[in-house]
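S.K.: Structure incoming, see below.
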Amino acid sequence: MVATTGTEPASAGPAVVMRGYVPLPTDDFQTYLENVNDAADTTIAFTVGITNAAAGATIYYDHHEDGFEADIANPVQSTTLVFGDGNAGNGNAGTYCTACAGDLLPQGAPLVMRSSIPTPRVPANRFFDGGDKVASTRGITITAGGYSTPLNSVLSGVVSAYDTSKYGTRYTVPVGEDTPFPSGTTDAFSYTGASIMASTAGTVVDIDDDGDGDVDTTATIDEGRTHLANGGLSEGATITSSAPVQVHLLTGRRLSD
């Protein structure tokens with residue numbers, strides 16, 4: 001399902017107190033799934049979930065495909081959706097929330113956006129997917145995940161995302177492709193990678209794959225973009241960055257193992 005848009009540009013609204021980015025860009029996610037099981041298809045069934053913490057919130061949803069708003073609380077793009085301001089013309093919460101009465105957000109209201117996304121991603125096609133920017137005048141939680149369509153939930157994944165105030169500049173990988181596993185069991189970490197997402201343009205990321213103190217990979221990431229460490233991470237690997245990032249660990253047992 002292609003993401004719908006408002007019929008008119010959103011107008012200036014209340015200032016935001018929390019912002020974050022939807023994790024797991026679809027290309028990264030599909031690459032991860034295919035590395036675990038090469039039967040994974042190129043089409044991903046993907047769901048973005050946003051839960052509102054308090055009644056009266058206004059939530060702004062800024063699609064990444066056409067670039068981010070300079071000021072998300074004062075959007076100028078018609079593709080940016082505004083939920084909870086009572087104006088269904090710039091985004092109707094009731095379309096994605098069964099607990100919402102029109103474009104109003106009660107406490108605990110869940111917005112659920114589902115898309116069927118072909119990969120590789122084409123920027124001209126707009127979906128609810130990883131890399132989109134979300135901001136709110138109240139607290140929110142963000143979750144995202146999905147599966148490869150022919151394998152369904154047999155090969156799937158889901159993660160949650162913190163707001164940008166919780167992002168960090170140094171992470172240590174707790175498990176890796178060298179982590180021992182009990183005899184008679186399967187190696188749950190035979191693929192270990194990471195999706196690293198920046199909130200600031202020009203963020204420089206250094207990855208030490210095995211934690212030996214030497215940088216193995218350096219990447220520069222723009223706002224809302226990611227670098228995929230596509231496997232090869234050992235227990236104790238480190239990820240450091242010049243500005244705060246969010247990191248999601250991607251693990252699985254390779255079908256060939």
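S.K.: Can you tell me which residue within the range 1-32, out of those that are open to solvent by 40 Å² or more (accessible area, probe 1.4 Å), within 16 Å of Pro118 (Cα to Cα) and in contact with a Lys or Arg (Cβ under 8 Å, 6 or more places away or on another chain), is modelled with the lowest pLDDT? Show your work before the answer.
M.R.: To start, the set of residues in the range 1-32 that are open to solvent by 40 Å² or more (accessible area, probe 1.4 Å) comprises 1-2, 4-5, 7-9, 11-12, 14-15, 17-19, 27, 31.
If we keep only those that are within 16 Å of Pro118 (Cα to Cα) too, we end up with 1-2, 27, 31.
Those left that are additionally in contact with a Lys or Arg (Cβ under 8 Å, 6 or more places away or on another chain): 1-2, 27.
Values: Met1: 40, Val2: 43, Asp27: 96.
That would be Met1.
S.K.: So which residues in the range 153-200 are assigned to a strand (DSSP E or B), farther than 15 Å from Val247 by Cβ and open to solvent by less than 30 Å² (accessible area, probe 1.4 Å), if there are any at all?
M.R.: Quick first cut of the range 153-200, residues assigned to a strand (DSSP E or B) only: 156-161, 168-172, 191-198.
Restricting the remaining residues to those that are farther than 15 Å from Val247 by Cβ gives 156, 158, 191.
Correct list: Tyr191 only.
S.K.: I'm trying to understand the selection: among the residues of the range 233-253, which are in a loop (DSSP other than H, G, I, E, B) and either open to solvent by less than 40 Å² (accessible area, probe 1.4 Å) or within 21 Å of Phe68 (Cα to Cα) (or both)? Full working, then the answer.
M.R.: Residues of the range 233-253 that are in a loop (DSSP other than H, G, I, E, B), as a first pass: 233-237, 253.
Those that are in a loop (DSSP other than H, G, I, E, B) and either open to solvent by less than 40 Å² (accessible area, probe 1.4 Å) or within 21 Å of Phe68 (Cα to Cα) (or both): Leu233, Ser234, Gly236, Ala237.
S.K.: Considering the range 67-91 alone, what residues qualify as being under 21 Å from the mean Cα position of the chain (by Cα) and loosely packed, with under 15 Cβ neighbours inside 10 Å?
M.R.: Hits for the range 67-91 are Gly67, Ala70, Asp71.
S.K.: If the Cβ limit is 8 Å and pairs must be 6+ apart or interchain, which residue in the range 133-158 that is over 18 Å from Ala53 (Cβ atoms) and polar (S, T, N, Q) pairs with which residue that is part of a strand (DSSP E or B) and open to solvent by 40 Å² or more (accessible area, probe 1.4 Å)?
M.R.: Ser148/Ser156; Thr149/Ser116; Ser153/Tyr147; Ser156/Tyr147
S.K.: Any idea which of (1) out of contact with any strand residue (DSSP E or B) (no Cβ under 8 Å at 6 or more places or on another chain); (2) under 12 Å from Met18 (Cβ atoms) is the one Thr141 doesn't satisfy?
M.R.: Among (1) out of contact with any strand residue (DSSP E or B) (no Cβ under 8 Å at 6 or more places or on another chain); (2) under 12 Å from Met18 (Cβ atoms), the lone unmet condition for Thr141 is (1).
S.K.: Can you tell me how many residues in the range 33-62 are open to solvent by less than 50 Å² (accessible area, probe 1.4 Å), in a loop (DSSP other than H, G, I, E, B) and either in contact with a strand residue (DSSP E or B) (Cβ under 9 Å, 6 or more places away or on another chain) or closer than 30 Å to Phe189 by Cβ (or both)?
M.R.: So the answer is 4.
S.K.: Could you count how many residues in the range 220-232 are over 15 Å from Thr172 (Cβ atoms) and open to solvent by less than 20 Å² (accessible area, probe 1.4 Å)? Lay out the reasoning, then the answer.
M.R.: As a first pass, look at the range 220-232 and keep what is over 15 Å from Thr172 (Cβ atoms): 220-228, 230-232.
Within this subset, residues satisfying the condition of being open to solvent by less than 20 Å² (accessible area, probe 1.4 Å) are 221, 224, 231.
Going through the range 220-232 one residue at a time, the tally reaches 3.
S.K.: Test each condition in (1) buried (at least 17 other Cβ atoms within 10 Å of the Cβ); (2) part of a loop (DSSP other than H, G, I, E, B); (3) among the hydroxyl-bearing types (Ser, Thr, Tyr) for Thr143 and report the one that comes out false.
M.R.: (2)
The values are calculated or read from the model by the stated rules, or taken from the named source; none is laboratory data. Source: prediction; values computed, not measured. Reconstructed Cβ throughout: ideal geometry from the backbone, glycine too, with neighbour counts over all protein chains shown. In case anyone asks, the SASA skips ligands and DNA or RNA and just uses the protein heavy atoms, side chains included. Shrake-Rupley method; radii C 1.70, N 1.55, O 1.52, S 1.80 Å.
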